[in-house]
Structure formats: C-alpha cells, structure tokens
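Since the structure comes first, as structure tokens, the remarks are kept for the end.
Laboratory data are not the source of any read-out in this text; all were calculated from the coordinates shown. Keep in mind it's a predicted model, so treat the numbers as computed, not measured. Note that we place each Cβ from the backbone using ideal geometry, even for glycine, and neighbour counts take in every protein chain shown.
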Amino acid sequence: MKYDVIDAVISPQGQLETLSQFEVARILDTNRGELAQVFRNCSLAVLNCGSPLDDGKELLERYPDFEIEITQRQRGIKLAMKNAPAIAFVDGKLMTGISEHLFAVLRDVIYAHYKIMHSPRFDMNSTVDVTNAVFHILRNAHSTIPRREPNMVVCWGGHSIGRDEYEYTKEVGYEMGLRSLDICTGCGPGAMKGPMKGATIGHAKQRSGTGRYLGITEPGIIAAESPNPIVNALIIMPDIEKRLEAFVRTGHGVVVFPGGAGTAEEILYVLGILLHPKNISVPFPLIFTGPKCAENYFKQINQFIVDTLGLDAQQRYKIIIDDPARVAREMKEGMHQVRKFREELDDAFYFNWSLTIDDEFQRPFMPTHENMRNLELSKDQPVHTLAANLRRAFSGVVAGNVKEEGIRAIEEHGHFELYGDSEIMEPMDALLTAFVEQQRMKLPGAEYVPCYKIIK
C-alpha cells in the first residue's frame, strides 16, 4: 500500500529561534551518524500523529523514503522534509502542534546527546548524576516551573484499551481538570490521550488558560506511541529508565488506568521505588482505577502484586472502580499531603529531589535474549530489587511487542525466554495470558503473536 507524502520546509518556534553559530554548527552535526537516525525516526513518529499504528518497525517501513535534514540559514536553521506523511498536514501546511513537537525532538535529542550522555559533567554510573541529568533535560525543556502548587498527575495506562475504558479515562481527566490538576502521560493514544482530553474540558469549564498537558517519551517507544494532539509540552528522554524517573520526579501523584505489559512495567517501577526503605514515609498518592468492566483487570493486577511483592506493596496504592469524582478528590487531597511534606523538607514542588532511586532503577536495561534469560526472578532478594527485575522483564515484553529493535530481535532469534522461581513465574504467566486474552498487547483487531516464553 502506498501512503500519501508531502515535501516541506519549516522554521523553528520558541527555544530554537535564536541560536549562536556554535549552536548551529553542533545542530548540523545531527545530520550525520547515529544521531541522525534517532532524529529521523523520532521525527517520523511525531509526523504520524493520529495514525492507528503501534508497530515501530511497520511505521519505518511505511515511509522508507522519508528524509529530514537540518539546513542552515543566516538567521538560524530550518527543517527540510521529503516524503513526510501527509496525515501531518492540513491543506499542504504542517499542523502547528506537530511543528512544535518536531522542534522539541530536535531540542531534546541534541541536548541529551551533547550535554548529558557524552558530557564529562555527568557520570552515568552515579545515581546522583543520573538524577541531575534527568533534571537538566526537564529544565532545558522548560518543564520545571517554580512557584506552582503541586498539581501534576501522571496518568499511566495502555494505548490499546476498549471504548468503555477510554471514555472512563476522559471522565477522570475531566474531574481532575475541574480541580485544577494538570496531566502528564506517556504522550500516546488510549489511556494517555483520554485524561488529557477530559482535562481540557475541565480546565475550560473553570476558565483556566494555563492547563499543562505534558508528554514524556523516549526514542524506542515514540514510533509505537506517537504524541497525541493534546500534548502541549513534549519531552524525549534518552531511554526508558530516565523516562520513568522523569515521571516520578515531575509528578506529584500517579493514576493508573487499565493497560498491558507497559503499564505493568510502570506499576512495578513506582512500587519498587516506594518500597525502598528510605521512601517509606514519602507521600505519593497512587490510585488504580477503571470502569466497572475493568474490575477483574485490577483484581488480576492486585493479585500479581500480592503474590510477587507481598502485602506491604499492596498498602502503597488504592483501587477505585467506576468513580471518577472520587479519584480526583483523593488525588487532590494527596496533593495537600505532598505539599506539606515538601515544605517540611524544604524540597522543591517542581522536582522530587527527596525520593531515593537506586542504581537498579536507573541503569538502562537492554532487552537482549541473553539479558532476558539471565534476569533474577526469585524472592531471594530485597523486595524493591525484585520489583526492579520484574520491571525489566515486562520492559522486554514491551520491546518485543512494539519497538523496532525488539521486533527485529524476535524475528531473528525467536522468543525471549524468562526463567525464575515458580512462585514468581506462575503469577507472571497468568497476568500476561490475561493481557493476551483481553487484547491488551496490541491495538484492537491486530493479531498478537507472543514474543516471550515463560519457563517455570
């Protein structure tokens, strides 16, 4: 099938409008080497906004002739695109929001590469430096806004959810918008779009013109979860681990909607952090919620958590079924507790410095066949460390499902194999099987072939 394409040249807006000659020269380097490929793939994902596609490999194959080049002008730079997806244009003109997202990609890819990942200022083996790196990326994207009350709610959930579940995410978002809560998500469709869409109406009802809809993603996932149109601040973190840390450092609470393997990964990440002995007293409202039809889903999630991480983990979250207003009220009340705690510690509202995040939650995990096979999945370790390893297992499943490199690895070498104690592997097998049966691994209607095998 042939897809419509358009050629275009666009100018930057905002942060990249005024640049020094040195900055221009560095940006032009992005046209070459590995960084050029990352920029191209992320740009293509942004241009694919609105397309019902969650396969990063397929997206790249749909537009093999797409090219994007940074060109120098006397007053700065422009982006020249050839064979760009026509879906991003209206009457031949690129949508303003997509244009903003393109330059956000350029901003973050370049900044993270030169100023963070390849800078002697940051030692990526140091937990302190990794946290500082996350902060600097967020600050460079102007997402750290001082003197704002704690009001940022991170919303997690699947890109592949049913209509009833999607409508429910909008209702929760609406109730949170009425209470002046802002929304941060993974920026994609489904449970990432719904809360933002609902919040826009809630903010409008309250005549609030300052609503923030923050989308945080990373190069490996953006092609499968293109930024939805409501995101008004897009940030691309270098990898999944820094993305997850950005969520919990920026957000003041988390609402989890129904999802699949990616949502389970996020749940395990936040629970692992909250179960760390140094974080026991840190207030962090965490709510699992969905409509009545999702009640069994959360029973399965809850059972998996109890079976693997124990009853202490269960105490760190609330499950609220089919009550959007209560979710918003509980989250609003949680924000008051966060505010009081941060004031007592003299901690910032815009970045959670006081949260302890150990190396096992920061170290990038490459989901190769060997690494997946060697994961330590037993209860013979601290509970927060087990949560970190379970998070890695689900991260590998996500990679095999939707990420280009993961899909290619599965095509070449077969299934990822997961080994561990039966008391861990049996609950994991039951949960993943439920995700498959409920069509939570891929978009509705798409055939799903498991990328993993559970070895008990």
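So the values come out like this:
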| quantity | calculated |
| --- | --- |
| Cleavage-rule hits (trypsin sites (Lys or Arg not before Pro)) in the stretch 350-397: DSSP loop, at most 16 neighbouring Cβ within 10 angstrom | Lys379 |
| Förster radius 25 Å - calculated FRET efficiency between Glu67 and Ala25, Cβ distance, rounded to 0.05 | 0.75 |
| Integer Hz, Karplus 6.51/-1.76/1.60 couplings in order for the stretch 158-163, x for Gly and Pro | x, 6, 10, 10, x, 4 |
| Table column - 3J(HN,Hα) (Hz), the stretch 277-289, Karplus curve with 6.51, -1.76, 1.60, x for Gly and Pro | x, 6, 10, 4, 8, 6, x, 8, x, 9, 10, 9, 8 |
| Spin-label zone in the stretch 341-355 - amide nitrogen under 14 Å from a point set 7 Å from the Cα of Lys318 along the C-beta vector | none |
| Inter-site label distance for Gln337 and Asn232 at 7 Å from Cα along Cβ, in nm | 3.0 |
| Beta bridges per DSSP with both ends in the chain, % antiparallel, nearest 5 | 35 |
| Long-range amide H partners of Gly188 with built H, under 5 Å | Asn228 |
| Segment Asn296-Lys78, length gained on full extension (0.36 nm per residue, minus Cα span) | 73.4 nm |
| Between the stretch 294-327 and the stretch 197-230, the Cα center-to-center distance that results, in Å | 25 |
| Inter-label distance for Ala325 and Thr96, nm, one decimal - labels placed 7 Å from Cα along Cα-to-Cβ | 3.6 |
| Calculated Cα extents along the principal axes in Å (choose from [x] 62, 52, 46; [y] 73, 45, 39; [z] 72, 56, 46), label | [x] |
| Where labels lie 7 Å past Cα in the beta-carbon direction, separation of Glu344 and Glu437 in nm | 4.5 |
| Normalised contact order of the stretch 123-456, rounded percent, pairs of Cα under 8 Å and 6 or more residues apart | 20 |
